[in-house]
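Q: I'd like to ask you about the structure that follows.
The values are calculated or read from the model by the stated rules, or taken from the named source; none is laboratory data. Note that this is a predicted model, so its numbers are computed, not measured. Positions of Cβ are backbone-derived with ideal geometry, glycine not excepted, and every protein chain shown enters the neighbour counts.
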Amino acid sequence: MEITQEQKLYGQIVQKAWEDATFKAELVANPLSAIEKLIGQKLNLPQGKTLLVRDQTDEGTVYINLPTKVNTEDVELNEEQLETVAGGSSLWPIIIGPWVPTPTFPITTVEK
């Protein structure tokens, strides 16, 4: 499995926040600005999207992030998937799963 640019950026941000308390505080207060300073590039969030950072480093607390519900109404199945469904198998592993937590912010960089 290849690591995406978003996953690489996410890893870089988390690592920096773990190592630098000042960066972490700025990241929570103003995420876009903190990330732009870190990578030296302007970020372009999709229109209508907000970047929100929550500090979840308290080991005494369990956090649950609720992702956006997957829309399966307009999904078209390929031949193999149709055969699986016809055989009575569940759609869960085909369409939705397995769920792997990854950053869900499609951010593109804008060259200066």
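Q: Residue by residue through the range 4-26, note down the ones that are polar (S, T, N, Q) and not in a helix (DSSP H, G or I).
A: Start the filter on the range 4-26 by keeping residues that are polar (S, T, N, Q), which leaves 4-5, 7, 12, 15, 22.
Thr4 - this is the single residue of the range 4-26 that is polar (S, T, N, Q) and not in a helix (DSSP H, G or I).
Q: Determine which member of the set Gly60, Gly97, Gly88 is out of contact with any His (no Cβ under 6 Å at 6 or more places or on another chain) and modelled with pLDDT of 90 or more.
A: Working: Gly97 fails: modelled with pLDDT of 90 or more; Gly88 fails: modelled with pLDDT of 90 or more.
Within the list Gly60, Gly97, Gly88, the selection yields Gly60.
Q: Continuing with this model, one more query. Would you pick out the residues in the range 17-30 that are buried (at least 16 other Cβ atoms within 10 Å of the Cβ) and either over 24 Å from Gln47 (Cα atoms) or at pLDDT below 95 (or both)? Break it down into steps so the answer makes sense when it comes.
A: Start the filter on the range 17-30 by keeping residues that are buried (at least 16 other Cβ atoms within 10 Å of the Cβ), which leaves 17, 23-24, 26-27.
Across the range 17-30, the qualifying residues are Ala17, Phe23, Lys24.
Q: Here is a follow-up. Give the residues of the range 63-79 that are at pLDDT 80 or above and charged (D, E, K, R), sorted by residue number.
A: Lys69, Glu79
Q: Within the set of pairs 6+ apart or on separate chains, which have a first residue in the range 14-27 that is farther than 15 Å from Asp58 by Cβ, a second that is at pLDDT 95 or above and aromatic (Phe, Trp, Tyr), and C-beta atoms under 6 Å apart?
A: Close Cβ pairs (under 6 Å, with a partner that is at pLDDT 95 or above and aromatic (Phe, Trp, Tyr)) amount to Lys16/Phe23.
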